[in-house]
1. Of the residues B:Asp38, B:Asp66, which is among the acidic types (Asp, Glu) and closer than 30 Å to A:His10 by Cβ?
2. Please determine, by comparing only the residues of segment A:62-82 that are part of a strand (DSSP E or B) and of a type in the set (Ser, Thr, Tyr), which one is farthest from the other protein chains (Cβ to nearest Cβ).
3. Show me the strands (runs of 3 or more DSSP E) entirely contained within segment B:1-87 in which 2 or more residues are surrounded by 20 or more Cβ atoms within 10 Å (Cβ to Cβ).
4. Of a type outside the set (A, V, I, L, M, F, W, C), under 26 Å from B:Val48 (Cβ atoms) and surrounded by fewer than 18 Cβ atoms within 10 Å (Cβ to Cβ): does that describe A:Gln41?
5. Assuming A:Asn59 fulfils every condition listed in (1) in a loop (DSSP other than H, G, I, E, B); (2) under 17 Å from A:Ile12 (Cβ atoms); (3) of a type outside the set (Val, Ile, Thr) apart from one, which condition is it?
6. Among residues belonging to segment B:90-111 that are at pLDDT 95 or above and more than 9 Å from chain A (Cβ to nearest Cβ), point out the one that is surrounded by the fewest Cβ atoms within 10 Å (Cβ to Cβ).
7. Looking at the structure I just gave you, is A:Ile12 β-branched (Val, Ile, Thr), more than 13 Å from the chain's Cα centre (by Cα) and part of a strand (DSSP E or B)?
8. Give the residue, chosen from B:Leu43, B:Leu9, that is within 14 Å of chain A (Cβ to nearest Cβ), over 10 Å from the mean Cα position of the chain (by Cα) and farther than 29 Å from A:Asn55 by Cβ.
Amino acid sequence: ETGVTQSPTHLIKTRGQQVTLRCSSQSGHNTVSWYQQALGQGPQFIFQYYREEENGRGNFPPRFSGLQFPNYSSELNVNALELDDSALYLCASHLGGVITIYNEQFFGPGTRLTVL
Amino acid sequence: ELKVEQNPLFLSMQEGKNYTIYCNYSTTSDRLYWYRQDPGKSLESLFVLLSNGAVKQEGRLMASLDTKARLSTLHITAAVHDLSATYFCAALRPETSGSRLTFGEGTQLTVNP
């Protein structure tokens with residue numbers, strides 16, 4: 001059984017560009033959540049995907065979008081990058097749309113995005 | 001809207017001393033999590049607290065939950081340098097669709113020799 005993995009580890013982009021971050025869920029997990037963690041702050045919920053459909057969204061603009069694939073891996077896409085998008089992006093996976101004591105959430109190692 | 005507040009945000013303490021980090025949350029939550037994060041790293045789960053009066057201990061760390069006061073504490077006993085990290089509490093509240101964690105701002109702990 002493998003844990004949650006993310007790629008790439010680090011990424012540098014310039015303002016206005018587009019970026020795609022990838023997440024592979026822990027084996028058997030069909031739900032993926034994405035979080036943005038700016039430097040010195042706690043993670044902020046971006047959105048969640050369950051069975052390939054968006055299943056909840058935080059206060060992020062539409063230029064943050066996502067996909068979940070049949071194998072439950074996921075992508076986070078950010079268009080028109082802004083300097084404030086520089087952050088650590090974390091994905092987390094669990095089984096089922098709702099986190100319960102029987103299906104806890106596990107975080108990946110994160111992708112560090114720097115926007116210049 | 002669920003809000004989570006931690007204090008203190010910065011904590012510098014000497015080895016061997018005790019201290020408590022506080023976590024307040026604004027509305028009913030299904031459970032409360034504590035995470036540790038080392039610089040540049042992801043989140044390491046420490047504790048999950050499910051019910052009122054829950055207490056969990058692991059080594060020099062002990063977490064408790066008071067759902068009536070909407071307060072969780074993380075108590076550090078006889079601190080050692082290896083505990084230096086940022087500690088986050090997070091509250092879980094299932095939404096009408098899915099569920100999400102709301103995190104506090106974090107407490108940056110530095111343990112000095």
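The values are calculated or read from the model by the stated rules, or taken from the named source; none is laboratory data. Computed from a prediction, not measured in an experiment: that's the story for all the values here. Because the Cβ atoms are built from the backbone with ideal geometry, glycine has one as well, and the counts that use them run over all protein chains shown.
1. B:Asp38
2. The selected residue is A:Ser65.
3. Ranges flagged: B:4-7, B:19-25, B:31-37, B:43-49, B:61-66, B:71-76.
4. When the stated conditions are applied, A:Gln41 passes them.
5. (2)
6. So the residue we want is B:Thr110.
7. So A:Ile12 fits the description; yes.
8. B:Leu9
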